[in-house]
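The values are calculated or read from the model by the stated rules, or taken from the named source; none is laboratory data. Everything numeric in this text was worked out from a predicted model, so none of it was measured. Neighbour counts are summed over all protein chains in view; Cβ atoms, including those assigned to glycine, are modelled from backbone coordinates with ideal geometry.
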Amino acid sequence: MRQFELSAPETVDDALASPGAFLAGGTTLVDLMKLDVMTPHRVLDINALPLRGIDTQDGLRIGALERMSDVAAHPGIYPVISRALLQSASQQLRNMASIGGNLLQRTRCSYFRDVAMPCNKREPGSGCSAITGANRMHAVLGTSDACVATHASDLAVALIALDAQVRLVGSDGTRTVALADFYRLPGATPEVENDLRPGELVAEVVVPRLDWAAHSTYVKVRDRQSYEFALCSAAVALDVRDGRVVDARVAVGGVASVPWRLRTVEAALRGSPATQASFEAAAEAAAEGARPLSDNAFKVSLMKRTVVRALLELTEGSRA
Amino acid sequence: MTSRLDGPLKVTGRATYGADNNFPGMAHGYVVLSTIAHGEIEAMDVTAAKSAPGVLAVYSPFDPLALRAPTSSLLGETWVPMQDRNVAYYGQPIGFVVAETYEQARDAAMLVEVSYRALPALTSLRDGLATAEDAPPAMDGSPPSLSVLADGVESIEDALAASPVVVEATYATAGQNHAAMEPHSAVAVWDSGVLTVYSGTQGADLQAADVASALREEPASVHSVNPFVGGAFGGKGKTSIPTFLAAAAARALDRPVKTALSREQVFTATANRPATVQAISLGAERNGTLNAIRHDSWSATPMDRSFVEPTSHGTSREWYSTRNLAISQKMVPLNIPPTTFMRAPGEAPGSFALESAIDELAVALDLDPIELRQRNNSAAPPGRDLQWSSKHLDECFRVGAARFGWSERTPQGRTDGDWLVGLGTATAMFPAMRFPATVGITLHDDDTAEVATSGADPGTGLLTVLSLVGGESLDIAPEKVTPRLGDSSFPAGGMSGGSTATASAGSAIMVAAPRVIDDLLALASSPGAPFEGAEVSYADGRVLGGGASMTFGEVLHAVGRPSITATGSSAAGEEMTKHSFSSFGAQFCEVRVHRWTREVRVSRMLGVFDAGRIINAQAARSQIMGGMIWGVSAALHEGLETEANGRTANGDLASYLVPVNADIPDVDVHFVEHPDTLHNDLGARGLGEIGTVGMAAAVANAVHNATGIRVRHIPIMIEDLLPE
């Protein structure tokens, strides 16, 4: 870890006035500083800022500095969100990690984390080691020739499914951006991961009210039962009446460069019977456009199966 | 008494491990690793590193610390860094930075610029199979290839061809890192010409000898201290790189030096279990009687060919009764980090292959897998006259089957909601051995005793065993016995390895105790002593004679001796010419595989073991549990991935997976206790390593039972079980 200057602004204005890396829970930043992947000269501890609070009056409003564990335990949270949070990281990390930081966490691509290796995301133009390297954990959707890393957040997958927005504050004022527009595909500039402008801060997550999202879940498939990132995950919410799907939200994680909404699957589900057969038929579209790598072709099939499993668990109840 | 004497210290953070030691003026070292797998270092620019804040010295092949590779009879030669400019693997130690603080040393190390002349690297075991070499002789001296054929049988091929039922398959196991919680580390302090090294190792006296040899110092001037070892598993048998570097730098700089590998560095700058490939053919009669076993093994090995995983010698050589047997061991030299012993070297990966093959044979014969194993139970290893001293494997299976509900198993498994449920079993064996060990027993005039041996307790429970066996041998309460371990100034305890420590040190205690008691009695009845001229005996910590009795402390007090000491030694002896020795076990597990997403969860595990007499039931159970969990890890989680360029793709604990609590259900461990006094007077055989043997096969066999899919490599991944 390189030497850095640490300050702790107490107001948002003070935080925005001085450039530096924002430190909330530290579970990404400190980790990457220890690996020499991030080498900020100035670190701003923003934990004293008033970006707190969970409001469930009309949809959800979650302050960016709320801790993952507190949000997961809050009674008014949609199941898909709390389940995504509870299957993230470990209890110790969830106690520290903030909601804003979770959405901004960097990829777990092992080449990004190893400064001895080329990585376009860490060092633009140096090349992508994963395309020809160990890429079992990597993305099959939304990738480019410059980067095949996945986005690691479970929460973001659930939020994308619920049409969530982020409220951003900067020296030019406040703006609200749909999370789906906030994340950027890697394209030729994988170092640009989101719409955040220099000095801008995530202040709040806003989830529009969706009453039938009470009927939602998050299924995460991984190489061990806890404390591991997703090979594939699915966030689903279903509005089922009289055995038919009236409306559906489906998003997947662990398989794409950004949290990935499956609108074609949603469209196929709408109006169809809530049966295994129609779920399987709808899930066929999940991997449209997938570009598997040498070690992760199985994600195409796993993605469809994960979506089917999540839909079935929601309609048949948990059978674990 | 406390079931584990060092438990309270360890769980409250008061146990002092090597790197916990701090001294005034101590400097910190950081190791620089190579980033190519094969080639030559043309230059190392250390200018920036040398002028970085706090830096005291930067060592490299161009300005090395003088070190000589030490050799031990048990482990062969140990490589030391920086003595030439060759790079043989990615992550090889090639430099060493010493600074005032750890952070300064690490930051400066990142400023070292290395220029290489890279050469083509061989990194794939699969690609190297075609050019494999014969392995050197096994540890017992047997040749890499050997066969036992029935009279009139010309070859193993003939024996297989004559067998009505044959199964043939090739299996693969991944390399593994020991990943002990305590990274390899050392603190070295010179004082008045004597070097004290604080460093976790499996044998304090062995480490002292290695360091003395490497530094060309007199053995007496090196003192090794390791009262606590934060896990070793074979990975701290050889003296580690930080120990050599800290010791040499402390001498060069005339300051105490501390060095610890980072977690990432542990994956390449120490040594790993090599990956293996194994081809097995089993030939059987229709009733299941084995006619032929052929087991050909290939092990990855580093370019110095220093260690080969002996998978066929460790299993098929001895496990089943068969008329015909042929085994072979080859090695594939690769540009990979060093390889070395890891718990059950040979037996752990070997049993995955053999016990999977036996399960495949059971399927082919439509026979219960336990029945097939029992039908081929051996009274002695094939082709050998020496019968097993005490073998109760049948009882392990019988007790285990009843305890586990084996009779409810069906050949097709069963389903429970969305979960496919299967049961699997496997045999476990691990040879019973003793290594040379010497123990000193001291009786004090306050009626306490001390049992000391240099050795090591790398979490295995030896410290507690010393007090339990010491108390028993001295006929006093174990609370009165202070066990002392992990200091090269104690009598040479040798190596804590090979599941030998309890039998080795325990036997030595049983030699030393009568000696110190004899000395006590001679003292008690000597002229001027309380029992002068009397016929004396010893019981219950007391000297008896002439109708009177005194505690040994009272006797020592009376004769003005604060203490008396005697030593005793033991080693494998005459028993090896009379019997074959092994511990035995039966592993059981139940897995659940999700119908849709195919993750495997182990839902129940049971191991039943025959390891002779159990000295400390709780510690024994813990050892076995740990081993069984490691077996699950090998089956479902753990595996080193080497990239084409030789880089370890998953060299950290974020990507090298081991099970978390959620992966492990309740683990049931049971012992059938039959003391084996043919092996040693204590009656105890080793049980440190056997817990992991067979477990991976039991998991794979259960997965087959649940899904019908036979996976012939470990770890088993989700994609192995996904239908097209």
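Couple of notes before you dig in:
- In the range B:615-654, of all residues being of a type in the set (A, V, I, L, M, F, W, C) and surrounded by fewer than 19 Cβ atoms within 10 Å (Cβ to Cβ), the one that is farthest from B:D457 (Cα to Cα) corresponds to B:A644.
- Members of the range B:350-378 that are buried (at least 19 other Cβ atoms within 10 Å of the Cβ) and of a type in the set (V, I, T): B:I358, B:I370
- The set of residues from the range B:684-715 being within 14 Å of chain A (Cβ to nearest Cβ), crowded, with 24+ Cβ neighbours inside 10 Å and not in a helix (DSSP H, G or I) comprises just one member, B:I714.
- The residues in the range A:132-155 that are under 15 Å from A:A290 (Cβ atoms), surrounded by 23 or more Cβ atoms within 10 Å (Cβ to Cβ) and hydroxyl-bearing (S, T, Y) can be counted, and the count is 2.
- Residue count for the range B:8-35, restricted to those that are crowded, with 23+ Cβ neighbours inside 10 Å and among the β-branched types (V, I, T): 2.
- Among residues of the range A:115-132 that are assigned by TED's automatic domain parsing to the domain that holds A:S257, none has a Cβ under 6 angstrom from a residue that is in a loop (DSSP other than H, G, I, E, B) at a sequence gap of 6+ or on a separate chain.
- Residue match in the range A:2-20 (condition: in contact with an Asp or Glu (Cβ under 7 Å, 6 or more places away or on another chain), touching a residue at least 12 places away in the same chain (Cβ under 8 Å) and farther than 24 Å from A:S171 by Cβ): yes
- Pairs where the first residue, in the range B:585-611, is within 14 Å of chain A (Cβ to nearest Cβ) and over 18 Å from B:A634 (Cβ atoms) and the second is of a type in the set (D, E) and outside any strand (DSSP E or B), C-beta under 7 Å, 6+ apart: B:H594/B:D418; B:R595/B:D418; B:W596/B:D418
- Only a single item in (1) among the basic types (K, R); (2) in a helix (DSSP H, G or I); (3) out of contact with any helix residue (DSSP H, G or I) (no Cβ under 9 Å at 6 or more places or on another chain) is not met by A:R305, and it is number (3).
- Every test in (1) under 26 Å from A:D36 (Cβ atoms); (2) free of Cβ contacts under 8 Å to residues at least 40 places away in the same chain is passed by B:D296 save one, and that test is (1).
- Among the residues examined, A:T107 qualifies as within 23 Å of A:T39 (Cα to Cα), among the β-branched types (V, I, T), surrounded by 23 or more Cβ atoms within 10 Å (Cβ to Cβ) and touching a residue at least 12 places away in the same chain (Cβ under 8 Å).
- Positions within the range A:189-199 being of a type outside the set (A, V, I, L, M), assigned to a loop (DSSP other than H, G, I, E, B) and at pLDDT 95 or above, in sequence order: A:T189, A:P190, A:E191, A:E193, A:D195
- Test: B:G470 is buried (at least 24 other Cβ atoms within 10 Å of the Cβ) and within 18 Å of B:G200 (Cβ to Cβ): no
- Any hit, the range B:288-302, residues being among the β-branched types (V, I, T), closer than 30 Å to B:G25 by Cβ and in a loop (DSSP other than H, G, I, E, B): no
- Selection status of B:G152, among the small types (G, A, S), within 28 Å of the chain's Cα centre (by Cα) and in a loop (DSSP other than H, G, I, E, B): no
- Single residue of the range B:159-192 satisfying the filter (touching a helix residue (DSSP H, G or I) at 6+ places or on another chain (Cβ under 9 Å) and hydroxyl-bearing (S, T, Y)) that is surrounded by the most Cβ atoms within 10 Å (Cβ to Cβ): B:T173
- Tally of residues being facing chain A (nearest Cβ under 8 Å) and either under 22 Å from the mean Cα position of the chain (by Cα) or of a type in the set (F, W, Y) (or both) across the range B:637-651: 2
Residues are listed down the side, and each one gets a yes or a no for (1) among the β-branched types (V, I, T); (2) within 14 Å of chain B (Cβ to nearest Cβ); (3) over 16 Å from the mean Cα position of the chain (by Cα):
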residue: A:V115; (1), (2), (3): yes, yes, yes
residue: A:A134; (1), (2), (3): no, yes, yes
residue: A:S144; (1), (2), (3): no, no, yes
residue: A:A149; (1), (2), (3): no, yes, no
residue: A:S153; (1), (2), (3): no, no, no
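- Matching helices (runs of 4 or more DSSP H) fully within the range B:31-138 where at least 1 residues are away from every other protein chain (no Cβ under 14 Å) and in contact with a Phe, Trp or Tyr (Cβ under 8 Å, 6 or more places away or on another chain): B:125-128
- From A:R224, A:R309, A:R263, residue being of a type in the set (K, R), touching a His at 6+ places or on another chain (Cβ under 9 Å) and without any contact (Cβ under 8 Å) to a residue 24 or more places away in the chain: A:R224
- Single match in B:S489, B:S504, B:S407 (criterion: in a helix (DSSP H, G or I) and either surrounded by fewer than 24 Cβ atoms within 10 Å (Cβ to Cβ) or over 31 Å from the mean Cα position of the chain (by Cα) (or both)): B:S407
- Considering the conditions (1) within 10 Å of another protein chain (Cβ to nearest Cβ); (2) of a type in the set (G, A, S); (3) within 26 Å of B:S389 (Cβ to Cβ), B:A619 is excluded by exactly one of them, (1).
- Subset of the range B:559-574 that is over 24 Å from the mean Cα position of the chain (by Cα) and under 19 Å from B:S504 (Cβ atoms) - its residue that is modelled with the lowest pLDDT: B:E574
- Conditions (1) part of a loop (DSSP other than H, G, I, E, B); (2) surrounded by 24 or more Cβ atoms within 10 Å (Cβ to Cβ): number failed by B:P381: (2)
- When the range B:652-666 is limited to residues that are more than 7 Å from chain A (Cβ to nearest Cβ) and acidic (D, E), the one that is nearest to B:N177 (Cα to Cα) turns out to be B:D652.
- Residue check: B:P436 meets all listed conditions (1) under 25 Å from B:H178 (Cβ atoms); (2) surrounded by fewer than 22 Cβ atoms within 10 Å (Cβ to Cβ); (3) modelled with pLDDT of 95 or more but one, namely (3).
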